[in-house]
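All remarks here apply to the structure that follows.
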Amino acid sequence: MPQKTLADTLTARETIYVNCGHPMCCKSTKLDIQALIDRLGRDHGSMHDDLVGLFVCSNCKAAGRDRRQVFFTCIPDYEGQQRARNRDWKPTFEGGVGVDCLVGRRPGGVGVRRLDTTELGEIRVIP
Ligand SMILES: [Zn+2]
């Protein structure tokens, strides 16, 4: 059993880029983990040594450059980690710049003034 499998990588929502090691090229492509699983199986390793033999840079091949070993960049699921961290946090607008409060503060305002939408972006005041 490999240390880390493609299934693990998919579950962790990690992004793996495969990079060409040729200094003239430096091509980098995002790996489609699901496609790799379809081809290699869920239990195939996803560590460098497990994958390194599988990739040849098509750019370099087309350009007739000598074949260099590829290397991998693994990017953790920052967004997911962020989501988990913020799960219990909800923004509140109490005491903030509510529409009512803006209207209420107009000195000597007669009735409800229709605010210019550019002032508040998407917020519209319904008369
Ligand atoms: Zn290349």
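Once the C-beta distance of A84 and M47 is scaled by a Förster radius of 25 Å, the resulting FRET efficiency is 0.50 to the nearest 0.05. Using the Karplus relation 6.51 cos²θ - 1.76 cosθ + 1.60 with θ = phi - 60°, the per-residue 3J(HN,Hα) values for the stretch 74-88 come to 10, 10, x, 7, 4, 4, x, 5, 5, 4, 4, 5, 9, 4, 8 Hz, with x marking Gly and Pro.
Rounded to whole numbers, the Karplus 3J(HN,Hα) couplings from phi for the stretch 13-21 are 6, 7, 10, 10, 9, 9, 10, 6, x Hz, using 6.51 cos²θ - 1.76 cosθ + 1.60 with θ = phi - 60°, and x at Gly and Pro. Per q in 0.16, 0.19 1/Å, what log10 I(q)/I(0) does a Debye calculation on the alpha-carbon atoms of the stretch 1-43 return? Once normalised to I(0) and log-transformed, intensities are -0.49, -0.63.
Model label points for Y17 and D32, set 7 angstrom from Cα along the Cα-to-Cβ axis, are 1.9 nm apart. Positive contributions from Lys and Arg (+1) and negative ones from Asp and Glu (-1), summed over other residues with Cβ under 12 Å from the Cβ of C57, come out at +4. Dividing the Cα radius of gyration of the stretch 6-85 by its Kirkwood radius returns 1.03 for Rg/Rh.
FYI, it's all coordinate maths here, none of it is from the lab. Here the structure is a predicted model, which is why all the values come from computation and not from measurement. Here the Cβ is made from the backbone with ideal geometry for all residues, glycine too, and neighbour counts use every protein chain on show.
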